[in-house]
Amino acid sequence: MNAMKLATKAGRPPTVIEVGKVRIGEGFTIIAGPCSVESEAQTLETALAVAEAGADMLRGGAFKPRTSPYAFQGLGLEGLKILEKARAETGLPIVTEVIDPRDVSWVAEYVDVMQIGARNMQNFSLLREVGKSNRPILLKRGMYSTLDEWLSCAEYILSEGNPDVILCERGIRSFEKYTRNTLDLSAVPSLRELTHLPVIVDPSHATGRLSLIEPMSLATVASGAMGLMVEVHNSPCDALCDGAQSLTPEAFRELVRRLRSLEAFMEKL
Ligand code: PEP
Ligand code: MN
């Protein structure tokens with residue numbers, strides 16, 4: 001039996017996932033927002049800024065899978081309610097992470113796309129649970145995972161009946177310490193050979209460095225990815241999480257301008 005009969009291409013056309021007016025897999029989708037939802041003011045201010053700059057969707061974590069149990073863990077339900085408000089104000093669909101299988105069904109009521117983080121890529125009970133939901137799933141690559149292992153995790157979700165899986169490359173662990181992770185951009189064209197599922201890139205967690213977000217974002221467009229997920233904060237120096245890799249709204253606006261012009265150039269190639 002083919003262990004990845006649903007995730008592999010097998011003659012299928014590329015999957016396009018509809019989230020409101022956004023079509024992931026067609027054109028280049030830009031997802032932006034803070035690492036975590038910290039307060040209503042911080043989230044709404046950032047959401048309005050990224051919407052105005054041209055983002056297609058808003059990200060923001062209400063449940064944070066932190067390396068330390070003492071680090072900020074997210075606002076939970078209160079954070080989801082803030083995200084709902086941000087969607088109402090901006091019209092942007094919401095992406096947020098879910099970390100516990102027991103939360104999946106009720107979190108799905110609040111958000112448009114549920115994210116499975118790198119640390120949970122192989123949390124099989126969580127994958128089965130999101131596979132039963134009717135929301136698209138953004139599945140990040142585990143930090144030590146091969147493409148095969150990653151696609152196998154997508155297969156868990158697909159095999160439960162949920163056809164809408166977006167793959168997100170977010171860097172893998174290597175011996176290199178200058179960057180937070182090593183962005184494996186070759187994963188993008190490789191996955192386009194292997195799977196019909198849309199592939200996007202997160203340059204924020206991949207590099208951990210503000211100065212590298214723009215070049216790696218532009219390289220993401222050139223790699224043939226279907227989108228980008230990038231961290232933006234209204235005041236990065238006050239961020240409770242990942243401030244050092246978060247763009248200001250002004251830097252994000254300039255990034256979008258460059259991405260869109262590269263996207264238009266690529267279409268003519
Ligand atoms: C995130 O996107 O908020 C996140 C925690 O990323 P990752 O799971 O890739 O580390
Ligand atoms: Mn983060």
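The values are calculated or read from the model by the stated rules, or taken from the named source; none is laboratory data. The structure presented is a predicted model; accordingly, all values stated were derived computationally and were not measured. Counting neighbours? That spans all protein chains shown, and the Cβs are built from the backbone with ideal geometry, glycine included. For the accessible areas, the whole protein counts, side chains as well, though only heavy atoms, and no ligand, DNA or RNA atoms are used. Shrake-Rupley method; radii C 1.70, N 1.55, O 1.52, S 1.80 Å.
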Would you mind finding the longest exposed-site-free stretch of the chain, with exposed trypsin sites (Lys or Arg not before Pro) meaning DSSP loop and at most 15 other Cβ atoms within 10 Å? 67-131
Dipole in debye (nearest 20) - region 1-103, about Cα centre, beta carbon charges: Lys, Arg +1; Asp, Glu -1: 580 debye
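Among residues other than A49 whose Cβ falls under 12 Å from its Cβ, what is the net charge (Lys/Arg +1, Asp/Glu -1)? Numbers along the way, then the final one.
Values: positive: R253; negative: E45, E52, E89, E250.
With Lys, Arg at +1 and Asp, Glu at -1, the neighbours total -3.
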For the pair E84 and A10, how long in nm is the line joining their label points, each one 7 Å along Cα→Cβ? 3.8 nm
Tail fraction, Cα-Cα pairs, region 164-263, threshold 22 Å, whole percent: 29 percent
By the Cα gyration tensor axes a ≥ b ≥ c (a/c under 1.5 gives rounded; else a/b larger than b/c gives prolate, otherwise oblate), the shape of region 1-128 is oblate
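FRET efficiency for K268 and S39, Cβ-Cβ distance as r, R0 = 41 Å, nearest 0.05? Display every interim value, and only then the final one.
Details: r = 43 Å, r/R0 = 1.06.
Calculated value: 0.40.
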Unsatisfied cross-links (Cα-Cα over 23 Å) in the set K9/K140; K21/K85; K85/K132; K9/K268; K64/K140; K5/K140: K85/K132; K9/K268
Go ahead and estimate [θ] at 222 nm for the chain from helices alone: -39,500 (n - 2.57) per DSSP H run with n ≥ 4, summed, over the residue count, rounded to 500. -11500 deg cm²/dmol
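Based on Cβ point charges of +1 for Lys and Arg and -1 for Asp and Glu, what charge dipole magnitude is obtained for region 141-229 about its Cα centre, in debye rounded to the nearest 20? List each step's numbers first, then the result.
Details: 7 positive and 11 negative charges, 86 e Å.
Dipole size: approximately 420 debye.
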By the rule of no other cysteine beta carbon under 4.7 Å, the lone cysteines of the chain are C153, C168, C237
Rg and Dmax of region 54-191 over Cα atoms: what are they, in angstrom? 15.1, 44
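If you filter region 121-181 for GluC sites (Glu not before Pro), then keep DSSP loop positions with at most 13 other Cβ within 10 Å, what is left?
Working: sites: E129, E149, E155, E160, E169, E176; in loops: E160, E176.
Filter output for region 121-181: E176.
Hey, any idea what % of the chain's accessible area is carbon plus sulfur with a 1.4 Å probe? Each step should come with its number before you reach the end.
Values: 6160 of 11510 Å².
Ligands and nucleic acids excluded, carbon and sulfur reach 54 percent.
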Express the relative contact order of region 102-218 as a whole percentage, based on alpha carbon pairs under 8 Å and six or more residues apart in sequence. 20 percent
Which chymotrypsin sites (Phe, Trp or Tyr not before Pro) does region 156-255 hold that lie in a coil by DSSP with at most 11 other beta carbons within 10 Å? F175, Y178
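So, counting K/R as plus one and D/E as minus one, what does the shell of residues with Cβ under 15 Å around S68 add up to? Kindly include the intermediate steps, with their values, before the conclusion.
Working: positive: K64, R66, R119; negative: D242.
With Lys, Arg at +1 and Asp, Glu at -1, the net is +2.
Hey, can you find the accessible area per residue of the chain for me, probe 1.4 Å, expressed in square angstrom?
Details: 11510 Å² over 269 residues.
I get 43 Å² per residue for this part.
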Approximate shape of the chain as ellipsoid semi-axes (Cα gyration tensor, √5λ), whole Å, largest first: 25, 22, 18
Connecting every pair of Cα atoms under 10 Å apart in the chain and solving the GNM, the largest mean-square fluctuation among D100, D112, D56 falls on D100
Over region 1-62, equivalent-ellipsoid semi-axes from the Cα gyration tensor in Å: 33, 15, 7
